[in-house]
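Report on one structure; see the data block that follows.
The values are calculated or read from the model by the stated rules, or taken from the named source; none is laboratory data. No experiment lies behind these values; they were computed from the predicted model shown. Every residue, glycine as well, gets a Cβ built from its backbone with ideal geometry; the counts of neighbours run over all protein chains shown.
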Amino acid sequence: MSIARVRPAVFLPLLALLVAGALIVPHVANRGVVFLGGVVAINVVFGIAFNLAFAKAGILSFGNAMFFAVGAYCAGYLVTQQNHLPFVVILLAAAGCGGLLALVTGLLALRRASGVYFAVITLAVGALVHVLIMKLDFLGRNDGLIGVNRPIIDFGFFDLDLARGDAYYYFIVASCALLVTLMWVLWSNRFGRSLQALKSDPMRASFLGIDIDRKRLIALVLSGSITALAGAIYAPWAQIVTPELAHWSFSTMPLLFTLLGGSAFFLGPAVGAILFGLLEYATRSLVGISDLLVGGLLLAVVLSVPGGVLGLLATLLARFRASSSPQREERA
Amino acid sequence: MSTPLLAARGIVKDYGRIKVLKNVDLDLGAGERHVVIGPNGAGKTTLFKVLSGETRPSAGTIRLEGRDVTQEAGFVRTRSGVGRSFQVARVFLEMTALDNVIVAVEAREATKRPWAGLLRLSAAKSVADEATSLLVALGLGAQQETPADTLSHGDRKRLELAMNLALRPKLLMLDEPTAGMSPTDRQAAVNLIDRVVRDNGLSLLLTEHDMGVVFQLGTRISVLHYGEVVVSGLPAEVRANALVREIYLGRNAGHA
Amino acid sequence: MAGDLITILFNAMIWAMATFLVASGLTLVFGILHVLNFSHGGFFMIGGYVAYTVLSTFGAEIPLWAYLAAALVASVAMGGTGIAVDTLVFRRLKSVDGVYVLIATYALLLVCDGVVKLIWGLNYLSVSPPRELLDVLFLGGAIMPTFSIFVVVSGVVVFLALDVVINRTSAGRILQVIAVDPWMAGIVGINVSSVYRWTVITGFALAGLAGGLLVANQSLSPDLAGIFILQAFGVVIVGGMGSVRGAFVASIFLGLVEALSATYLPNYPGVLFFATIALVLIVRPEGLLSRQATS
């Protein structure tokens with residue numbers, strides 16, 4: 001499979017299918033399911049943003065929760081305290097904060113650090129962010145920020161009131177679809193190819209003139225900004241932002257989505273996020289076991305199906321093709 | 001005398017207390033094919049690493065077309081026109097041969113224009129065509145879609161060469177290009193390198209063990225012994241040099 | 001004034017030795033197997049909870065021997081768990097990309113959290129120190145609880161024991177060889193696989209022991225794993241991955257940082273700790289004391 005020949009004809013219909021599925025939800029399900037649907041859409045972005053850095057650049061981060069939290073808090077704070085600002089500006093500010101945090105983390109850790117060191121540092125920075133969030137008064141300390149209302153987007157000649165009905169849900173679907181498309185471009189274009197090269201053989205990539213440190217940093221900053229954007233979109237959806245969003249255990253989520261769906265596939269994290277959403281819905285009465293569930297599931301996937309659901313399907317498909325083609329050749 | 005393409009002065013390289021390179025001077029002029037030879041442990045690979053930018057020297061200077069590049073990272077030197085191969089060919093194993101060269105071409109283009117074509121998903125037609133013609137020129141036309149990890153050792157070396165050529169370098173640095181090859185393969189490799197260097201007007205720096213290769217390809221030879229260049233000159237001079245004979249024939253007769 | 005200084009030093013040592021007790025097993029396993037076991041903090045925590053359960057049969061007055069026995073039980077229990085983890089996780093993922101081992105141990109950390117919440121609940125639990133160690137000493141104005149002295153002594157004892165084994169016994173020499181060149185070790189007839197297993201068991205046993213010894217040092221909650229694993233990581237980074245001596249010195253160094261931070265920056269816990277580690281990473285990323293081998 002050539003990575004230099006990309007086929008939008010495969011991806012775009014899949015995306016359209018997912019969007020169509022998402023758009024149906026408010027018409028067939030109750031409020032609770034709609035809320036979960038919005039969360040799943042945001043989780044899809046959360047997971048793919050993680051995987052962009054992980055699968056393409058080989059960056060394993062245990063701290064992506066901090067980007068999500070920074071984005072959520074940024075949006076939450078600005079929406080509640082500075083609500084004269086256009087929502088788009090708020091979203092960009094959140095992305096910027098996430099990007100900045102990623103830049104600092106990357107400068108600290110990526111250059112000389114091996115994968116292990118980097119993972120530890122993301123955990124450490126994440127813990128620091130968590131502590132700071134809980135200590136800062138203007139961020140609501142342990143209680144977080146409440147009353148993060150869904151904003152009105154002013155387009156000049158008309159207003160879009162996202163607080164009305166399911167408007168915000170449709171906003172989530174649209175913006176997440178946009179972000180997924182953006183990430184797909186980054187995954188498939190020459191930037192994505194150069195990341196893959198640098199992950200495959202850093203020395204060879206270097207001697208092709210690729211600045212591998214800089215590229216990895218860029219990948220991390222992109223991942224962090226988009227994750228922060230996901231967090232910012234989440235804040236008015238949940239209407240409350242709490243410090244748990246920055247806890248290290250929350251960083252397992254994008255990992256779980258990615259590994260469950262399959263990290264080698266662009267839409268792997270999407271599959272994982274949807275499956276996890278279904279799982280959460282099915283077990284919603286058993287509140288107290290979520291840590292065990294997430295950790296156990298992630299562990300089980302890594303130990304038995306590290307290629308994820310899509311990887312398993314791909315293997316089965318390849319085996320099926322291999323077993324049926326000799327027969328075809330015989331007939332010909 | 002015109003500025004040499006590559007000029008190394010007083011190169012010293014220590015690894016802890018071990019002094020691998022003691023005081024190396026080396027000049028390489030444009031169009032020259034400079035071969036560095038020496039017994040095992042003389043420091044050839046280390047010298048290569050220093051000259052290509054893989055590591056920094058402990059002391060000394062390296063100039064590329066007169067410009068001081070001593071502290072520059074490997075990728076910067078590559079961007080300045082130096083292509084380099086590894087003893088065991090390094091290619092992107094999970095990608096097809098064509099994709100490997102496409103990545104190389106895209107890397108070259110990205111150096112010139114970092115922001116161009118980022119919205120284009122597939123590789124540009126001109127890029128793909130260039131990659132294909134490079135592979136064909138190196139005899140890998142039939143293996144374009146083959147994943148690099150299933151290519152033979154020799155084919156991987158040719159692929160690596162194609163990738164280096166995609167960078168349009170001025171200087172090609174080859175680290176023991178015929179290592180591990182059978183005599184037939186070796187001769188084919190020599191012919192290929194010779195043709196490639198001629199067709200593209202490149203300068204060449206290589207390290208080698210096989211004397212046949214050395215004298216077929218080299219226009220200038222430097223002999224490295226215990227971290228110092230003891231003899232440097234035209235092939236005929238070096239061949240006749242008594243010290244060289246002693247280094248090579250005194251201990252390992254016939255084998256280098 | 002001097003009392004303040006002694007207090008700071010004493011608090012530094014308590015933090016240092018408590019953290020060292022946890023970090024010792026972590027750095028040992030990393031030095032020999034080159035695996036950074038994220039779940040180490042989780043098993044430390046479970047060790048503590050196991051000790052708690054054992055000690056809860058003693059009511060309010062816990063004799064020292066019982067306290068130590070509970071720590072031993074926790075140690076053995078965790079050591080046994082180590083066998084399971086080695087078989088199911090480390091060995092299975094040995095040949096696969098190193099990234100997956102990291103993810104697996106990270107997932108395991110979360111599982112430990114979940115297990116603790118499930119079995120012991122979310123509330124804070126506490127154990128009072130053994131009745132022989134309920135006293136307090138006064139040294140020049142500083143207040144030094146005897147239990148805290150016990151913690152410090154425990155850390156030093158464990159360090160000395162490890163240091164002696166690693167540097168002065170033949171077993172230790174084998175460990176050092178394996179840390180540097182496992183292939184060669186195998187060639188000269190050392191059963192590398194067996195040594196790996198015993199190292200993992202020891203690492204987990206140390207985690208359990210730390211949990212049991214420290215059970216009265218702080219309250220027990222599911223947050224304990226996360227808190228201590230970060231402290232241990234800090235120590236391992238600063239001291240050099242794989243070095244027990246490095247971990248010991250780094251613990252003391254970071255203990256001082258923490259004690260100063262608690263005194264002068266009480267509203268921003270962890271900031272100075274993090275800044276110090278960041279500085280070390282920038283200036284000397286391989287650790288302040290590392291010289292590669294387990295020493």
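Testing A:F207 on (1) out of contact with any strand residue (DSSP E or B) (no Cβ under 6 Å at 6 or more places or on another chain); (2) within 14 Å of chain B (Cβ to nearest Cβ); (3) among the hydrophobic types (A, V, I, L, M, F, W, C), one condition comes back false. Which one is that?
(1)
Looking only at segment A:166-181, decide whether some residue is within 14 Å of chain B (Cβ to nearest Cβ), hydrophobic (A, V, I, L, M, F, W, C), part of a helix (DSSP H, G or I) and without any contact (Cβ under 8 Å) to a residue 12 or more places away in the chain.
Start the filter on segment A:166-181 by keeping residues that are within 14 Å of chain B (Cβ to nearest Cβ), which leaves A:181.
Keeping just the survivors that are hydrophobic (A, V, I, L, M, F, W, C) gives none.
No - not one qualifying residue is present in segment A:166-181.
So for segment C:222-237 (the condition being more than 14 Å from chain A (Cβ to nearest Cβ) and within 24 Å of C:V85 (Cα to Cα)), does at least one residue qualify? So that I can check it myself, show each step before the final result.
Taking segment C:222-237 as the starting set, the residues that turn out to be more than 14 Å from chain A (Cβ to nearest Cβ) are none.
Checked against the condition, which is being more than 14 Å from chain A (Cβ to nearest Cβ) and within 24 Å of C:V85 (Cα to Cα), segment C:222-237 yields no hits at all.
Residue by residue, here is whether (1) crowded, with 22+ Cβ neighbours inside 10 Å; (2) facing chain A (nearest Cβ under 10 Å) holds:
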| position | (1), (2) |
| --- | --- |
| B:V88 | no, no |
| B:N100 | yes, yes |
| B:S122 | no, yes |
| B:L140 | yes, no |
| B:M163 | yes, yes |
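Every residue in segment A:252-287 that is assigned to a loop (DSSP other than H, G, I, E, B), more than 13 Å from chain C (Cβ to nearest Cβ) and touching a residue at least 60 places away in the same chain (Cβ under 8 Å), please.
Answer for segment A:252-287, where residues must be assigned to a loop (DSSP other than H, G, I, E, B), more than 13 Å from chain C (Cβ to nearest Cβ) and touching a residue at least 60 places away in the same chain (Cβ under 8 Å): A:F266, A:L267.
Being assigned to a helix (DSSP H, G or I), on the phi < 0 side of the Ramachandran plot and surrounded by fewer than 23 Cβ atoms within 10 Å (Cβ to Cβ) narrows it down to one residue among C:L5, C:L28; which is it? Show your work before the answer.
Details: C:L28 fails: surrounded by fewer than 23 Cβ atoms within 10 Å (Cβ to Cβ).
Of the residues listed, the single one that is assigned to a helix (DSSP H, G or I), on the phi < 0 side of the Ramachandran plot and surrounded by fewer than 23 Cβ atoms within 10 Å (Cβ to Cβ) is C:L5.
Within segment B:202-241, count every residue that is more than 14 Å from the chain's Cα centre (by Cα), assigned to a loop (DSSP other than H, G, I, E, B) and modelled with pLDDT of 90 or more.
Number of matching residues: 2.
Among the residues of segment C:240-275, which ones are in a helix (DSSP H, G or I), modelled with pLDDT under 90 and within 20 Å of the chain's Cα centre (by Cα)?
Matches in segment C:240-275: C:F274 only.
What helices (runs of 4 or more DSSP H) completely inside segment A:60-160 contain at least 2 residues that are surrounded by 14 or more Cβ atoms within 10 Å (Cβ to Cβ), within 12 Å of chain C (Cβ to nearest Cβ) and aromatic (F, W, Y)? Break it down stepwise before answering.
Values: elements: A:64-81, A:87-109, A:115-135.
In segment A:60-160, the matching helices (runs of 4 or more DSSP H) lie at A:115-135.
Scan segment C:222-236 and give yes if some residue there is more than 14 Å from the chain's Cα centre (by Cα) and surrounded by fewer than 24 Cβ atoms within 10 Å (Cβ to Cβ), otherwise no. Break it down into steps so the answer makes sense when it comes.
Applying the first criterion (more than 14 Å from the chain's Cα centre (by Cα)) to segment C:222-236 yields C:222-223.
Next cut, surrounded by fewer than 24 Cβ atoms within 10 Å (Cβ to Cβ) only: C:222-223.
Yes, because at least one residue in segment C:222-236 is more than 14 Å from the chain's Cα centre (by Cα) and surrounded by fewer than 24 Cβ atoms within 10 Å (Cβ to Cβ).
Here is a yes/no grid of residues against (1) at the interface with chain A (Cβ under 9 Å from one of its Cβ atoms); (2) closer than 24 Å to B:D175 by Cβ; (3) of a type in the set (D, E, K, R):
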| site | (1), (2), (3) |
| --- | --- |
| B:G41 | no, yes, no |
| B:F48 | no, yes, no |
| B:R67 | no, yes, yes |
| B:S85 | yes, yes, no |
| B:L93 | yes, yes, no |
| B:A107 | yes, yes, no |
| B:G117 | yes, no, no |
| B:L134 | no, yes, no |
| B:D149 | no, yes, yes |
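Hey, does segment C:103-122 have a residue that's touching a residue at least 60 places away in the same chain (Cβ under 8 Å) and either surrounded by fewer than 13 Cβ atoms within 10 Å (Cβ to Cβ) or at positive phi (or both)?
Scanning segment C:103-122 turns up at least one residue that is touching a residue at least 60 places away in the same chain (Cβ under 8 Å) and either surrounded by fewer than 13 Cβ atoms within 10 Å (Cβ to Cβ) or at positive phi (or both).
Name the residues in segment C:123-133 that are surrounded by 14 or more Cβ atoms within 10 Å (Cβ to Cβ) and either facing another protein chain (nearest Cβ under 9 Å) or out of contact with any Asp or Glu (no Cβ under 9 Å at 6 or more places or on another chain) (or both), would you?
Answer for segment C:123-133, where residues must be surrounded by 14 or more Cβ atoms within 10 Å (Cβ to Cβ) and either facing another protein chain (nearest Cβ under 9 Å) or out of contact with any Asp or Glu (no Cβ under 9 Å at 6 or more places or on another chain) (or both): C:L125, C:V127, C:P129, C:E132, C:L133.
Considering every residue within segment A:191-199, establish whether at least one is crowded, with 20+ Cβ neighbours inside 10 Å, in contact (Cβ under 8 Å) with a residue 12 or more places away in the chain, hydrophobic (A, V, I, L, M, F, W, C) and within 29 Å of A:A163 (Cα to Cα).
Scanning segment A:191-199, I find no residue that is crowded, with 20+ Cβ neighbours inside 10 Å, in contact (Cβ under 8 Å) with a residue 12 or more places away in the chain, hydrophobic (A, V, I, L, M, F, W, C) and within 29 Å of A:A163 (Cα to Cα), so the answer is no.
Quick one: is B:G154 more than 14 Å from chain A (Cβ to nearest Cβ) and over 30 Å from A:P8 (Cα atoms)? Before the answer, list the steps.
Values: more than 14 Å from chain A (Cβ to nearest Cβ): yes; over 30 Å from A:P8 (Cα atoms): yes.
It is true that B:G154 is more than 14 Å from chain A (Cβ to nearest Cβ) and over 30 Å from A:P8 (Cα atoms).
What about A:A197, is it in a helix (DSSP H, G or I), under 23 Å from the mean Cα position of the chain (by Cα), of a type in the set (A, V, I, L, M, F, W, C) and within 9 Å of chain B (Cβ to nearest Cβ)?
Numbers: in a helix (DSSP H, G or I): yes; under 23 Å from the mean Cα position of the chain (by Cα): yes; of a type in the set (A, V, I, L, M, F, W, C): yes; within 9 Å of chain B (Cβ to nearest Cβ): yes.
Here the answer is yes, as A:A197 does meet what is asked.
Does B:D185 fit the bill of being surrounded by fewer than 19 Cβ atoms within 10 Å (Cβ to Cβ), in the same structural domain as B:R77 (by TED's automatic domain parsing), modelled with pLDDT of 90 or more and in a helix (DSSP H, G or I)?
Working: surrounded by fewer than 19 Cβ atoms within 10 Å (Cβ to Cβ): yes; in the same structural domain as B:R77 (by TED's automatic domain parsing): yes; modelled with pLDDT of 90 or more: no; in a helix (DSSP H, G or I): yes.
No.
Looking at this structure, is A:V19 modelled with pLDDT under 95 and either out of contact with any strand residue (DSSP E or B) (no Cβ under 8 Å at 6 or more places or on another chain) or not β-branched (V, I, T) (or both)? Show your work before the answer.
Values: modelled with pLDDT under 95: yes; either out of contact with any strand residue (DSSP E or B) (no Cβ under 8 Å at 6 or more places or on another chain) or not β-branched (V, I, T) (or both): yes.
Yes: the conditions hold for A:V19.
Are any residues in segment A:297-318 over 12 Å from C:A104 (Cβ atoms), within 14 Å of chain C (Cβ to nearest Cβ) and of a type in the set (G, A, S), and if so, which ones?
Once the filter is applied, which keeps residues that are over 12 Å from C:A104 (Cβ atoms), within 14 Å of chain C (Cβ to nearest Cβ) and of a type in the set (G, A, S), segment A:297-318 yields A:G307, A:G308, A:G311.
Within segment A:49-58, can one find any residue that is more than 14 Å from chain C (Cβ to nearest Cβ) and either buried (at least 24 other Cβ atoms within 10 Å of the Cβ) or part of a loop (DSSP other than H, G, I, E, B) (or both)? Working first, answer last.
The first filter runs over segment A:49-58 and keeps only residues more than 14 Å from chain C (Cβ to nearest Cβ), leaving A:49, A:52.
Subset that is either buried (at least 24 other Cβ atoms within 10 Å of the Cβ) or part of a loop (DSSP other than H, G, I, E, B) (or both): A:49, A:52.
For segment A:49-58, residues more than 14 Å from chain C (Cβ to nearest Cβ) and either buried (at least 24 other Cβ atoms within 10 Å of the Cβ) or part of a loop (DSSP other than H, G, I, E, B) (or both): present.
Test A:I212 against the stated conditions and say whether it is out of contact with any Lys or Arg (no Cβ under 6 Å at 6 or more places or on another chain), surrounded by 20 or more Cβ atoms within 10 Å (Cβ to Cβ), at the interface with another protein chain (Cβ under 10 Å from one of its Cβ atoms) and among the β-branched types (V, I, T). Before the answer, list the steps.
Values: out of contact with any Lys or Arg (no Cβ under 6 Å at 6 or more places or on another chain): yes; surrounded by 20 or more Cβ atoms within 10 Å (Cβ to Cβ): yes; at the interface with another protein chain (Cβ under 10 Å from one of its Cβ atoms): yes; among the β-branched types (V, I, T): yes.
The answer is yes for A:I212.
Specify which of the listed residues (A:G47, A:G126, A:G32, A:G76) is under 14 Å from the mean Cα position of the chain (by Cα) and either modelled with pLDDT of 90 or more or within 30 Å of A:D166 (Cα to Cα) (or both). First the steps, then the outcome.
On the way: A:G126 fails: under 14 Å from the mean Cα position of the chain (by Cα); A:G32 fails: under 14 Å from the mean Cα position of the chain (by Cα); A:G76 fails: under 14 Å from the mean Cα position of the chain (by Cα).
Being under 14 Å from the mean Cα position of the chain (by Cα) and either modelled with pLDDT of 90 or more or within 30 Å of A:D166 (Cα to Cα) (or both) holds for just one of A:G47, A:G126, A:G32, A:G76, which is A:G47.
The conditions are (1) farther than 25 Å from A:V10 by Cα; (2) touching a residue at least 24 places away in the same chain (Cβ under 8 Å); (3) of a type in the set (G, A, S), and B:S133 fails exactly one of them. Which is it?
So the condition that B:S133 fails would be (2).
Tally time: how many residues in segment B:69-83 are touching a residue at least 60 places away in the same chain (Cβ under 8 Å) and either in contact with a Cys (Cβ under 9 Å, 6 or more places away or on another chain) or within 7 Å of chain A (Cβ to nearest Cβ) (or both)?
1
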